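See below for the structure under consideration.
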Amino acid sequence: MPEFWIKMWEWWPEIFPVLLRATAMTVQVMIGALIVALILGMAVALMRISTFKLLRYPALFYTDVMRGTPALVQIFIIYFGLSDLGIEFDPVSAAIIGLGMNGAAYVGEIYRAGIEAIHRGQVEAALSLGMTPVRAMRYIILPQALRLMLPPLCNYAILLVKDTAIISTIAAPEIMFEARRLVQATFMYSISGQIYLICAGFYLALTLPLSQVAKRLEKAKERWR
Amino acid sequence: MKPLLRIVDLHKSFGTLEVLAGISIDVARGEKLSIIGPSGSGKTTLLRCINYLEKPTAGHIYVDDKLIGEKQVNGKFVHLSDRELAKERAEIGFVFQRFNLFPHLTALDNVSVAPRRVLGLEKRDAEERALAMLEKVGLAHKAGEYPERLSGGQQQRVAIARVLVMQPKLILLDEATSALDPELIGEVLKVIRELAEEGRTMIMVTHEIPFAEEISDRVIFMDDGKIVEEGPPHEIFSNPTHERTRVFLRQIIDR
């Protein structure tokens, strides 16, 4: 342990700014991927509940493929595979697209479950009043479904924060990547365990508030039901 | 006089199960028609077909001489688009057995949502109309409450106000009181009776025999997806000609 404190004393002006910057990058990738997943996921969900097979089957296929293959593989395909075809992304963009597309499969399922949990009588009442299916979805189904979706969406956001670690493999300068670089650059192999503990602390600082929000939403949902 | 509603040889099957086996009915403007029959006889399905919540397998429905749910193109019947169908449904009110109020909206918003989102009224106009309808069903003082805070009887009255605010030509009531505790049935029947007295055209699926006898102009007894017999209420209830009607009525009265 004394070695750890000596090294820390020597290197903290180096370590903490780097890890803070990496945390900002992690947040940026996470929010970017979340936005992609939320929007693309809505398309996947609407296609999956469609009555048209031509829409439903591709969405089903997409969901199965995205959930059935590792996100790491998907990101490698986007980053390395597409660059072979002349489509080049910087690591951060590739990470946002990869994690976002992967997340769309999970988020799509959350949306779908939320929409399908709303009683059939709600749509029927809306339709019988003269609403089109689109209006019924917008004014009657989605506002109700959203309250059911928020807690699992929050949990997904927590998973996403942690999943950003895998993009260190394509040299996106997020927390894990920078931590490994620090360990190597500063010859802190002997205290690498402590460095990664500090990393864990940074991740927790991001995920703990999110899980608090998730708990609150879960309670709010019960009260309303 | 031309009928307001004309149903021509309506069939409905779910897979191989035939639920409606050729139903034809004319309903005059202002007429109050009650449909009775054992469960599984197809009466609810018939009602749901009238505003196309169920798509009939065959047959046609006309309201005011206008086809419901379909149109004729070059002599062929084709289904309406969602938008066209919605327009037709806005003129037909449907009261559900389980109320189906929107739980995320207050009583007032439940009633004003269709005037706003279907008729395109301004919020204030829509709420004014909605409040008038809540007053009519005796619930203006509950305008700000959410459905979960209302009793079953109050919920059904809000549901009726939600239908009335659209000024429908025709009101369909699907066992409007059968999900209610006995002590709450009266308040809902009272509202329905008032509607009847206003001369509205109504079709009710019901198990409330005395009530049906009191307010209906005509009663239809259905069984196995067919109309077994129809006539003025006193005839059907006091002197049914078919054995099946007699058995059914005896079962209901012995309950």
**Asked** By the scheme Lys and Arg +1, Asp and Glu -1, what is the net charge of all other residues having a beta-carbon under 14 Å from that of A:Met42?
**Response** +2
**Lys/Arg +1, Asp/Glu -1 at C-beta; chain A dipole; positive extreme among A:Ser83, A:Leu206, A:Pro173** = A:Leu206
**Asked** In debye, nearest 20: dipole of chain A around its Cα centre with unit charges on the Cβ of K, R (+) and D, E (-)?
**Response** 1140
**Request:** Considering the options A:Thr164, A:Gly103, A:Ala113, tell which one lies farthest towards the positive end of the dipole of the range A:3-224, charges being +1 on Lys and Arg and -1 on Asp and Glu at the Cβ, about the Cα centre.
**Result:** A:Ala113
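Rank-order B:185-198, A:31-44, A:195-208, A:102-115 by packing density, defined as the average count of other C-beta atoms within 10 Å over each peptide's residues, highest first. Write down the numbers at each step before the final one.
On the way: B:185-198: 17.3, A:31-44: 19.3, A:195-208: 14.9, A:102-115: 22.5.
So the peptides B:185-198, A:31-44, A:195-208, A:102-115, ranked by packing, come out A:102-115, A:31-44, B:185-198, A:195-208.
Using a simple charge model, +1 on the beta-carbon of Lys and Arg, -1 on the beta-carbon of Asp and Glu, nothing else, what dipole does the range B:152-255 show about its Cα centre, in debye to the nearest 20? Write down the numbers at each step before the final one.
On the way: 12 positive and 19 negative charges, 51 e Å.
Using Cβ point charges on Lys, Arg, Asp and Glu, the range B:152-255 gives about 240 debye.
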**Label point distance in nm, B:Lys226-B:Lys169, each placed 7 Å from Cα along Cα→Cβ** = 3.1
**Request:** Excluding B:Gly42 itself, calculate the net charge of residues whose Cβ lies under 13 Å from the Cβ of B:Gly42, where each Lys or Arg counts +1 and each Asp or Glu counts -1.
**Result:** -1
**Request:** Considering only DSSP beta bridges where both residues belong to the protein assembly as shown, give the percentage that are antiparallel (nearest 5).
**Result:** 60
**Item:** Pairwise label distance in nanometres, A:Ala220 with B:Lys66, each label 7 Å out on the Cα-Cβ vector
**Value:** 4.2
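Enter the mean number of other protein chain beta carbons within 10 Å of the beta carbon of each residue in B:94-103, as an integer. Could you put the intermediate results ahead of the total?
Working: counts 5, 2, 4, 1, 3, 2, 10, 3, 9, 8.
The shielding value for this peptide is 5.
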**Distance in nm between pseudo-label sites at A:Leu204 and B:Asn74 (7 Å out along the Cβ direction from Cα)** = 7.3
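Rounded to the nearest 0.05, what FRET efficiency is calculated for B:Ala28 and A:Leu60 with R0 set to 30 Å and r the Cβ-Cβ distance? The partial results should precede the final answer.
Details: r = 50 Å, r/R0 = 1.67.
Using R0 = 30 Å, I get an efficiency of 0.05.
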**Fill in**
Quick calc of log₁₀ I(q)/I(0), the range A:3-93, Debye, one scatterer on every Cα, no solvent, q values 0.16, 0.21, 0.26 1/Å, result -0.87, -1.11, -1.22
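Would you mind calculating the relative contact order of chain A from Cα pairs under 8 angstrom and at least 6 residues apart, reporting the percent as a whole number? Intermediate values should be presented prior to the final figure.
Values: 227 pairs, mean separation 60.1, N = 225.
Reported relative contact order: 27 percent.
Given a cut-off of under 8 Å on Cα pairs at least six residues apart, what relative contact order in percent is computed for chain B?
Reported relative contact order: 25 percent.
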**Residues listed by number, the range A:4-45, amide nitrogen under 12 Å from A:Leu197 label point at 7 Å toward C-beta** = A:4-5
**Request:** Place a label point 7 angstrom from the Cα of B:Thr57 along the Cα-to-Cβ direction, then list the residues of the range B:1-41 whose backbone nitrogen is under 15 Å away.
**Result:** B:9-23, B:41
**Complete:** Quick calc, the protein assembly as shown, dipole around Cα centre from Cβ unit charges on Lys, Arg (+) and Asp, Glu (-), nearest 20 debye, gives 460
**Asked** Among all helices in chain A defined by DSSP H, which have a length of 18 Å or more along the axis from Cα atoms plus a Kyte-Doolittle mean of at least 1.0?
**Response** A:2-48
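Every number here is computed from the coordinates shown, using simple stated rules; none is lab data. The structure displayed is predicted, hence computed values, not measured ones. Neighbour counts are summed over all protein chains in view; Cβ atoms, including those assigned to glycine, are modelled from backbone coordinates with ideal geometry.
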